[in-house]
């Protein structure tokens, strides 16, 4: 049984593999990358750069964030949920 890093990670991995050039990536490595970006940017999406995508376009994968407190010691925790369909991030040049 693989570790669950965020909710709906199987759906995320399936969608990620559709667009990524390197689609044999391990979930441990990818989950660390996703969570690090979500924490660093405070955005509600993980972005696959156009250089890493098979079609040469940036793809965004939407996530929701839930911050909650542990009742026993008051520690704040964050959980993420993959919210479904990725979308293309279009930029005008």
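Any read-out appearing in this document is the output of simple, stated calculations on the displayed coordinates, not a laboratory observation. Here the structure is a predicted model, which means the values were calculated and not measured.
Please compute the length gained on full extension between residue 70 and residue 26, using 0.36 nm multiplied by the number of residues separating them and subtracting their Cα-Cα distance. Mind showing how you got there, number by number?
Numbers: separation 44, 0.36 × 44 = 15.84 nm, distance 2.98 nm.
Full extension of this stretch gives 12.9 nm more.
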With springs only between Cα atoms under 10 Å, which of 70, 32, 44 fluctuates most in a Gaussian network model of the chain? 70
Only one of the values (i) 448; (ii) 94; (iii) 109 was calculated from this structure for volume of the Cα convex hull per residue in Å³; name its label. (iii)
Length gained, residue 88-residue 44, 0.36 nm per residue minus C-alpha separation, equals 14.4 nm
Most fluctuating residue given options 69, 79, 49, as computed from a GNM of the chain linking Cα atoms under 10 Å: 69
Need the full-extension length gain, residue 4 to residue 18, defined as separation in residues times 0.36 nm minus the C-alpha distance. One decimal, nm. 3.0 nm
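Counting only C-alpha contacts under 8 Å and six or more residues apart, can you give the relative contact order of the chain as a whole percent?
Working: 125 pairs, mean separation 26.8, N = 93.
So the answer I get is 29 percent.
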With everything on Cα atoms, drop me the angle between helix 9-19 and the longest principal axis of the chain, reported from 0 to 90° to the nearest 10. 20 degrees
Just from its helices, what would the mean residue ellipticity at 222 nm be for the chain, if runs of 4 or more DSSP H residues each count -39500 (n - 2.57) and the sum is divided by every residue, rounded to the nearest 500 deg cm²/dmol? -9000 deg cm²/dmol
